[in-house]
Structures are given as C-alpha cells and as structure tokens.
Amino acid sequence: MKTSRAFDLWRKAKSRVAISLLLLGCGLAVLPLFAILLHLVREGASSIDWNFFTQVQKPVGELGGGMAHAIVGTIAQVGLASLVGIPLGLACGIYLSEYGGRERLAGPVRFALELLASTPSILVGVFIYGAIVVPMKKFSLFSGSLALMLDRKSTRLNSSHVSESRMPSSA
C-alpha cells in the first residue's frame, strides 16, 4: 500500500509538533528542579567543609553543627542490614535454584519472594514502624536495618536465584 507524498509530509509535521511539545513540557517540568538545585548550591556551598562531616548535630536554634551522626548511623544501618540480609538472600536463592523444582518448601519460598518483590517500600516501613518502633517506644538501629533488609531482600533473592540458575550444572 503506497502512501502519498503529501500524507507523509503531514505525518512528519505532526510528529515534529508532538516531539516539540513533549520537549517543551519536559523542559518546563525540569526547570523548577534546576532552580531549586542552583539555589541550594549557591546558598549552601559555603557551609560544606571538614567540620560539616565530622561535627555532631547542634541543638535546634544554634548555628553550625554537622552530619557525623547521620553518616555513622547510615553506615551502621546499611552494614547491619547487609550482614544479615546478604547471606540469607544468597542462601534462599541457591536453595531455589538447586531444589526449587523438587522440594515442597520451594513453593512457599518462591511465593514469599514474589510477595516481597511486589510490596512497596513505604508499606515495609509502615509495617516495621507498627510492629517494632511503636511497641519499643523509640527508633532503633535494629528497626531501620530490618526495614532495609526486608525491602532489599527480594532484589538479592531474585538476582542470586537468576545468576545461580544460569550457571552450568556440574552433573
């Protein structure tokens, strides 16, 4: 089926207009973000120095202070979540790839993996908040690490299961 030259020109013109409107919309959407980023860099760049990373936070209302608590807490939280989550995720992935078709427990493990993979991060956080933080009446490294571990577990399980299943069998 042949199309006329005029029809092809009309389609190309409509395509160019649509692409131009799309680029204009994207530019207008990103412009405020760049304005905020520029303002933050302009106003906050003078505050970034060695003390910002090494001093502890000062009380509200006092000038100065640093991010030492946040940096150490992040490293501890990610470290604890990784210490527990990585070996558990690898073990489950290896179990699924080695015994996934023959064992009765593989079905529930795979179901739990799919359930964790489809759970939004905010729901994991709210669950841990209600199950651990509220009864303890305080935030803790344990609760944050547990939420992070549960949130990332499905990714580790899935990647270890897929990589293990792609390896050639030894038998």
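The values are calculated or read from the model by the stated rules, or taken from the named source; none is laboratory data. Just so it is clear, the structure is predicted and the values come from calculations on it, not from any experiment. Surface accessibility is based on the protein's heavy atoms, side chains included, excluding ligands, DNA and RNA. Shrake-Rupley method; radii C 1.70, N 1.55, O 1.52, S 1.80 Å.
Values as computed for the structure displayed
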{"item": "Region 1-158 - convex hull of the alpha-carbon atoms, volume per residue in Å³", "result": "254"}
{"item": "Mean Kyte hydropathy of -0.5 or more with a Cα span along the axis of at least 27 Å, helices from DSSP in the chain", "result": "5-44, 68-99, 141-165"}
{"item": "Space enclosed by the convex hull of the alpha-carbon atoms of region 1-88, per residue, Å³", "result": "219"}
{"item": "Amide hydrogen neighbours beyond the local backbone of Q57, cut-off 5 Å, H modeled", "result": "G66, A68, H69"}
{"item": "Per-residue HN-Hα couplings for region 54-62 [Karplus 6.51, -1.76, 1.60; θ = phi - 60°; Hz; x = Gly/Pro]", "result": "10, 8, 7, 5, 8, x, 4, x, 8"}
{"item": "Apportionment of accessible area to carbon and sulfur, the chain, percent (1.4 Å)", "result": "70"}
{"item": "Residue-normalised accessible area of region 1-127, given per residue in Å² at a 1.4 Å probe", "result": "81"}
{"item": "Residue among L24, L115, L123 with the largest mean-square fluctuation in a Gaussian network model of the chain, springs linking Cα atoms under 10 Å", "result": "L24"}
{"item": "Computed [θ] at 222 nm, deg cm²/dmol, the chain (DSSP H ≥ 4; -39,500 (n - 2.57); rounded to nearest 500)", "result": "-25000 deg cm²/dmol"}
